[in-house]
1. Which of the lysines could a cross-linker bridge to Lys251, judged by Cα under 22 Å and excluding same-chain residues fewer than eight apart?
2. Have a look at Thr135, Gly278, Ala149 and report the one farthest towards the positive end of the charge dipole of the chain, computed about the Cα centre with Cβ charges (Lys/Arg +1, Asp/Glu -1).
3. Counting pairs of Cα atoms in the chain, how many percent are more than 35 Å apart?
4. What dipole magnitude, in Debye to the nearest 20, does the chain give about its Cα centre under +1 on Lys/Arg Cβ and -1 on Asp/Glu Cβ?
5. What is the Cα coordinate range of region 186-296 on the first, second and third principal axes, sorted by size from largest, in whole angstrom?
6. Using DSSP to define loop residues, name the chymotrypsin sites (Phe, Trp or Tyr not before Pro) in region 96-147 whose beta-carbon has at most 11 other beta-carbon atoms within 10 Å.
7. Counting only helical runs of four or more DSSP H residues, what would the 222 nm mean residue ellipticity of the chain come to if each run contributes -39,500 (n - 2.57) and the total is spread over all its residues?
8. Roughly how many Å is it from the Cα centre of region 4-67 to that of region 111-130, as a whole number?
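The values are calculated or read from the model by the stated rules, or taken from the named source; none is laboratory data. Bear in mind that the values here come from a model prediction, so they are computed numbers and not experimental data. We place every Cβ from the backbone using ideal geometry, glycine too, and count neighbours over all the protein chains shown. Just so you know, the surface numbers come from the protein's heavy atoms only, side chains and all, with ligands and any DNA or RNA stripped out. Shrake-Rupley method; radii C 1.70, N 1.55, O 1.52, S 1.80 Å.
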Amino acid sequence: MSNIQTAIKERILILDGAMGTMLQRYNFSEEDFRGVRFKDFPHSLKGNNDLLSLTQPKSIREVHAKYFEAGADIIETNTFSSTTIGMADYHLEDLVYEMNFQSAKIAREVADEFTAKNPEKPRFVAGSIGPTNRTASMSPDVNDPGYRAVTFDDLRVAYKQQVEALMDGGCDLLLVETIFDTLNAKAALFAIEEVKDERNIDIPIMVSGTITDASGRTLSGQTVEAFLVSVSHIPLLSVGFNCALGADLLKPYLKTLSHNTSFNVSAHPNAGLPNAFGEYDETPEEMQAQIKTYLDDNLVNIIGGCCGTTPAHIKLIADIAKNYKPRVSTAVM
C-alpha cells in the first residue's frame with residue numbers, strides 16, 4: 001500500500017486499457033472458452049471473458065504483459081463480472097472465488113516480473129469490481145416501479161466474496177468501477193470495509209463512476225457532485241470516471257469532479273464513441289491529444305483507457321503523461 005501512496009505523489013500513474021478489446025483479437029471459439037475442464041458443461045460459455053483466467057490463462061497473462069510493456073503502472077484483474085450475480089447468466093456461481101483468486105494471481109505474477117526488471121517503477125494490481133448486471137436503485141419493470149431485481153444485502157454478500165478472493169490472490173488495491181448505480185457501489189464499499197475490519201488490514205480503493213450521456217448524470221440519475229458526495233464517506237485512493245464517453249466528452253464532468261474533491265482523480269475513457277458496428281475508431285494519436293488537455297488543465301492523478309483502447313493507446317498516453325506533474329488538489333471537500 002505504501003508503495004502506491006508514494007508513487008501517486010511522484011508521478012501521474014498509468015492504468016491499463018481494455019481487456020475485452022484485446023481478448024476479441026484472439027477470436028476465441030466456444031471450445032476455447034470451455035477448455036478441457038468445461039468441455040461437457042451443459043450451458044454455453046462463449047463470451048464469458050472472466051472464465052478465460054481458468055481456461056486460457058496464457059492469453060490473460062499476455063494481455064497484462066502488453067499493457068505493462070506499453071508503460072502501465074497499474075493493471076486490472078480480469079474480474080469485471082466475477083460475482084455470483086454476474087456469473088448466474090452462465091450457471092457458474094460456484095466458481096466465483098476461484099475465478100477472482102486465479103485472475104489476481106496471474107496479474108500479480110506478471111506485475112512482479114515487471115517490477116523485478118525495473119524496481120524504480122513498481123507495478124501494481126487493481127482488483128476489478130464491476131457494477132453487476134442489476135441495479136439496486138431502479139426497477140427493471142416499468143409496470144412496477146417499486147420492484148427491485150437485487151437488494152443491497154444481495155450485492156454486499158456477492159461483493160464480499162469477490163473482495164476476499166481478490167485480496168487472497170494478491171491485489172495491491174481494489175477498483176470499484178463503471179458505476180451506473182451508486183447504491184451498488186456503496187454495497188461494494190461496505191463489503192470492502194467489512195473485509196478490512198475482519199482481517200485488520202487496509203487496502204487502497206479506487207472508485208470510478210460512469211456518466212452515461214450528455215445529461216451529465218449516472219444511469220440512476222446522480223449529477224457529478226451528487227455521485228461524489230455519495231462515496232466520499234470512505235477514505236479513497238482516488239475517485240474518477242470511466243467508460244460510456246470518449247476523452248473529449250468526458251472532460252467537463254472530470255473537471256467538475258477534480259475541482260470539488262481532495263481525493264486523487266482517475267479517468268479511463270473509451271476510445272471515442274462506438275461506430276454503427278459497435279467498434280471504436282479513435283486512434284492512439286487522437287486520444288493522446290485529448291488526454292493532453294486533461295494534463296494541461298491539471299485534472300488527473302491516474303489515467304488509462306476503457307472500451308476500444310489498446311496497448312498502442314496506453315503507450316502514447318504514458319509517453320505524454322511523463323512530461324507532467326500529478327494533479328494537486330485545491331478543493332476543500
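1. The reachable lysines, counting only those whose Cα sits under 22 Å from Lys251, are Lys292, Lys315, Lys322, Lys325.
2. Going by the charge dipole, the pick is Gly278.
3. Counting every Cα pair in the chain, those more than 35 Å apart make up 15 percent.
4. The dipole magnitude comes to about 680 debye.
5. Taking the Cα atoms of region 186-296, the three principal extents are 47, 29, 24 Å.
6. Within region 96-147, the qualifying chymotrypsin sites (Phe, Trp or Tyr not before Pro) (loop, at most 11 other Cβ atoms within 10 Å) are Tyr147.
7. Computed ellipticity for the chain at 222 nm equals -13000 deg cm²/dmol.
8. With region 4-67 and region 111-130 each reduced to a Cα centre, they are spaced 16 Å.
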